[in-house]
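Below you'll find the structure, written out as structure tokens, and then a few comments.
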């Protein structure tokens, strides 16, 4: 694919293939930031293991799980240009599917399979509705769907109603080479990290395919998409289903960590937090979901130990980030990495 | 192979009481440049929207390359072999020139490539490269489309329409806002394109129309006023009265 150079002598500093493909370049920058984050997590895990900490490991594991929800929001918001205010619907669906499956005595793989299958079916149905609309209508319909689901769960005795489901058993997770117990703080943290790395990798891969480029085209300029040969509703539906599966698979880990699920998981607070997480971390970066979730969780924990009014502090910080770093924290860092890549012309 | 690429029969649509396109019939020949002219508000862009699938006609028929396709949506018209450009530039400003073109050529890849990395789309990449050379955008390949000059963006607009290897190109005022030099270059380009693919053009620049068109359709207040070879149309008294403003 170097044939463009054949057209004539390339001028000094001409675009090499890497510079031609800014999306690919940006994705590589995200990968680098994700690698850095994973490394930091590993160091943190080693330190926590040495000091015998449980609390912060559990908290960090939870942050990673909610990062998965934020990742699913980023597929819609950052790449397809759709604001979902009800992504907790699928996160909660995955969590409940997982809790019910585990309580019935099935292994972790069964819980993940249930979350996958249910979210696929539910998002295909929900997607038929929401893929017809965009903008504020998309936001409101996703919000409405999640509210309906949350109320339904809240009023279903079989699902524990307002109390949720408690007593999800501790499960061994067989990984071929090793077996991790879901109540091992270090083990489950590392499992969650690896699980999220796979989700991140899968989403990043898909966004780098022609399919992913059509999603990006929807965000950048939907008007032209039909004339390029694609149906915007179909592409929106595919993005919605993909995001739902990512959210549900992340949610499926929640009852393994906490041993219970509650209707709170489907609430607007959960959906809204995911949006705030993505915007803080950087929409359209994938990796921003992880930075956003870890940073916000750390802030909540630290500020929360100083004052009970920690939401005020978090709110002010969020506004500061939006004003000072409109691309988000990881988005800001990624731009810098991208520039370095572009200048050196290599990774 | 002498059958027309596009047949438009009695096409019409109304917005409220306004008959934006009213009973328009014409034929666009294969490997020819057919040009639609007319004053602002004559219904030219609406006519394009009816043909390309942006709007459904209320009456009439469209036959593309022998296939009846009245009211077919844009993605189906693309599959039949229609490419269109927009009067108001409609690119992907935040993507590079190269990425824009690859996005537009990607549909040529077999469906099996849908979930493989874009760099594997060899056909799309080669075609995007060829378009860069042809439209003299190779040096700008790595620039964001939004950073191009107006003239370059208008050229991109044509390149995007041509990207998916159409049989018929619908070009909606491709030279709008261009400098005189750029307009002349674009005219030559369209003239050459007309021999490879078929071109249906909306154009305001009468000099350009006369220079490159094989067939001219004149529209006025939604209706077809006249059609024929450029010289005959120019000499038509009705056209002179309505369009050139003198008889």
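The values are calculated or read from the model by the stated rules, or taken from the named source; none is laboratory data. If you're wondering where the values come from, they're calculated on a predicted model, not measured in any experiment. Positions of Cβ are generated from backbone atoms using ideal geometry, with glycine treated the same way; all protein chains shown enter the neighbour counts.
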Of A:28, A:19, the only residue that is within 30 Å of residue A:60 (Cα to Cα), within 14 Å of chain B (Cβ to nearest Cβ) and modelled with pLDDT under 95 is A:28
For region B:120-134, the count of residues that are facing another protein chain (nearest Cβ under 7 Å), in a helix (DSSP H, G or I) and without any contact (Cβ under 8 Å) to a residue 24 or more places away in the chain equals 4
Residues in region A:223-234: is at least one surrounded by fewer than 20 Cβ atoms within 10 Å (Cβ to Cβ) and more than 10 Å from every other protein chain (Cβ to nearest Cβ)?
yes
Going through (1) within 8 Å of chain A (Cβ to nearest Cβ); (2) under 15 Å from the mean Cα position of the chain (by Cα) one by one, residue B:88 fails only at (1)
Among residues of region B:81-102 being free of Cβ contacts under 8 Å to residues at least 60 places away in the same chain and part of a helix (DSSP H, G or I), the residue nearest to residue B:140 (Cα to Cα) is B:97
Of (1) in contact (Cβ under 8 Å) with a residue 12 or more places away in the chain; (2) assigned to a helix (DSSP H, G or I), residue A:323 fails just (1)
Counting only residues that are more than 24 Å from the chain's Cα centre (by Cα) and at pLDDT 90 or above, region A:41-53 contains a total of 6
For region A:246-288 the number of residues that are farther than 16 Å from residue A:146 by Cα and in a loop (DSSP other than H, G, I, E, B) is 7
Those residues of region A:189-208 that are within 14 Å of another protein chain (Cβ to nearest Cβ) and either at pLDDT below 95 or surrounded by fewer than 20 Cβ atoms within 10 Å (Cβ to Cβ) (or both) come to a total of 6
Within region A:294-314, residues farther than 21 Å from residue A:61 by Cα and in contact (Cβ under 8 Å) with a residue 12 or more places away in the chain come out as A:313
For residue B:166, state whether it is in a loop (DSSP other than H, G, I, E, B), farther than 20 Å from residue A:221 by Cα, touching a residue at least 40 places away in the same chain (Cβ under 8 Å) and more than 7 Å from chain A (Cβ to nearest Cβ). yes
Selection from region A:29-47 of residues in contact (Cβ under 8 Å) with a residue 24 or more places away in the chain and either crowded, with 20+ Cβ neighbours inside 10 Å or farther than 14 Å from residue A:200 by Cβ (or both) yields A:29, A:30, A:33, A:34, A:37, A:41, A:42, A:45
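Only residues that are part of a strand (DSSP E or B) and in contact with a helix residue (DSSP H, G or I) (Cβ under 9 Å, 6 or more places away or on another chain): list them for region B:1-33, please.
Once the filter is applied, which keeps residues that are part of a strand (DSSP E or B) and in contact with a helix residue (DSSP H, G or I) (Cβ under 9 Å, 6 or more places away or on another chain), region B:1-33 yields B:6, B:8, B:11, B:12, B:13, B:15, B:20, B:21, B:24, B:33.
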Of the candidates A:106, A:79, the one satisfying the condition of being within 14 Å of chain B (Cβ to nearest Cβ) and either under 28 Å from residue A:215 (Cβ atoms) or not in a helix (DSSP H, G or I) (or both) is A:79
Flagged pairs (Cβ under 6 angstrom, 6 or more apart or on separate chains; first in region A:162-187, on the phi > 0 side of the Ramachandran plot; second surrounded by 13 or more Cβ atoms within 10 Å (Cβ to Cβ) and at pLDDT 90 or above) are A:164/A:260; A:164/A:261; A:164/A:262
Over region B:39-70, the set of residues more than 14 Å from chain A (Cβ to nearest Cβ), touching a strand residue (DSSP E or B) at 6+ places or on another chain (Cβ under 8 Å), under 22 Å from residue B:16 (Cα atoms) and in a loop (DSSP other than H, G, I, E, B) is B:39, B:42, B:43, B:57, B:58, B:70
Exception for residue B:195 within (1) surrounded by fewer than 22 Cβ atoms within 10 Å (Cβ to Cβ); (2) away from chain A (no Cβ under 14 Å); (3) closer than 20 Å to residue A:223 by Cα falls at (3)
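Listed here are the residues, each with its yes/no results for (1) within 23 Å of residue B:53 (Cβ to Cβ); (2) surrounded by fewer than 17 Cβ atoms within 10 Å (Cβ to Cβ); (3) more than 12 Å from chain A (Cβ to nearest Cβ); (4) in contact with a helix residue (DSSP H, G or I) (Cβ under 9 Å, 6 or more places away or on another chain).
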position: B:105; (1), (2), (3), (4): yes, no, no, yes
position: B:118; (1), (2), (3), (4): no, no, no, yes
position: B:140; (1), (2), (3), (4): no, no, no, yes
position: B:176; (1), (2), (3), (4): yes, no, yes, yes
position: B:182; (1), (2), (3), (4): no, no, yes, yes
position: B:206; (1), (2), (3), (4): no, yes, yes, yes
position: B:209; (1), (2), (3), (4): no, no, yes, yes
Counted residues in region B:135-153 being within 27 Å of residue B:76 (Cβ to Cβ) and either assigned to a helix (DSSP H, G or I) or at pLDDT below 90 (or both) come to 1
By my count, helices (runs of 4 or more DSSP H) wholly in region A:129-242 with at least 2 residues that are over 30 Å from residue B:80 (Cβ atoms) are A:135-154, A:185-207
